[in-house]
Structure formats: C-alpha cells, structure tokens
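Notes to accompany the following structure.
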Amino acid sequence: MDFKKGISMVCVVLCVLLWVPNILYQLSSPLWLLTFPIAAVGLVFGWLARKSWLMIGNTLMFFSFFIVMAVGHVIFQK
C-alpha cells in the first residue's frame with residue numbers, strides 16, 4: 001500500500017472514531033473538533049495519492065459537523 005494512501009485512510013477512520021463519544025454515548029466531548037485538521041491532512045494525502053474516494057471521504061469528514069447538525073435538525077424538529 002502506498003504511504004500517502006495509508007495516511008489518508010487512517011485520517012478518515014480516525015475522524016469517524018472521534019465522533020463516537022458524541023453520537024453513540026451521548027457524551028459532550030470536544031474531540032470532534034480534531035476532525036477539521038485531521039480531515040484536512042487526509043484530504044491533502046488523498047489528493048497526493050490521486051484517490052478520489054479518499055478525497056471524498058476526507059471532505060465529508062471535514063464537513064461532518066455541519067452534516068450532523070443538519071441531520072439532527074431534520075430529525076428532531078417539532
């Protein structure tokens with residue numbers, strides 16, 4: 001496996017794991033803030049590896065806060 005591809009994959013997985021305390025356990029953990037710099041690093045390495053699926057995954061994780069907020073608003077609105 002290419003080093004750049006591996007780093008980008010680790011960034012996607014790490015960003016997903018950073019959301020686990022907030023979504024699954026309902027704990028107010030500020031760890032989700034790390035998704036912004038980690039996803040940005042993963043996006044750069046995905047671009048260097050020329051893997052579009054890694055770039056898409058890291059971009060989704062970069063905007064995951066806004067996605068989670070929008071989904072929560074749609075589900076829990078009165």
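Only one residue in L60, L33 is at pLDDT below 95, assigned to a helix (DSSP H, G or I) and under 14 Å from the mean Cα position of the chain (by Cα), so which one is that? The match here is L33. Would you pick out the residues in segment 45-61 that are in contact (Cβ under 8 Å) with a residue 12 or more places away in the chain, out of contact with any Ser or Thr (no Cβ under 7 Å at 6 or more places or on another chain) and of a type in the set (A, V, I, L, M, F, W, C)? Those that are in contact (Cβ under 8 Å) with a residue 12 or more places away in the chain, out of contact with any Ser or Thr (no Cβ under 7 Å at 6 or more places or on another chain) and of a type in the set (A, V, I, L, M, F, W, C): L48, M55.
I need the full set of residues from segment 1-28 which are assigned to a loop (DSSP other than H, G, I, E, B) and over 11 Å from the mean Cα position of the chain (by Cα), in order please.
Kept after step one, since they are assigned to a loop (DSSP other than H, G, I, E, B), are these residues of segment 1-28: 1-2, 19, 24-28.
Passing the criteria: M1, D2, L24, Y25, Q26, L27, S28.
On the given criteria, is A49 surrounded by 13 or more Cβ atoms within 10 Å (Cβ to Cβ) and touching an Asp or Glu at 6+ places or on another chain (Cβ under 6 Å)? Judged against the criteria, A49 is a match.
The values are calculated or read from the model by the stated rules, or taken from the named source; none is laboratory data. Everything quoted here is computed from the prediction, not taken from an experiment. Because the Cβ atoms are built from the backbone with ideal geometry, glycine has one as well, and the counts that use them run over all protein chains shown.
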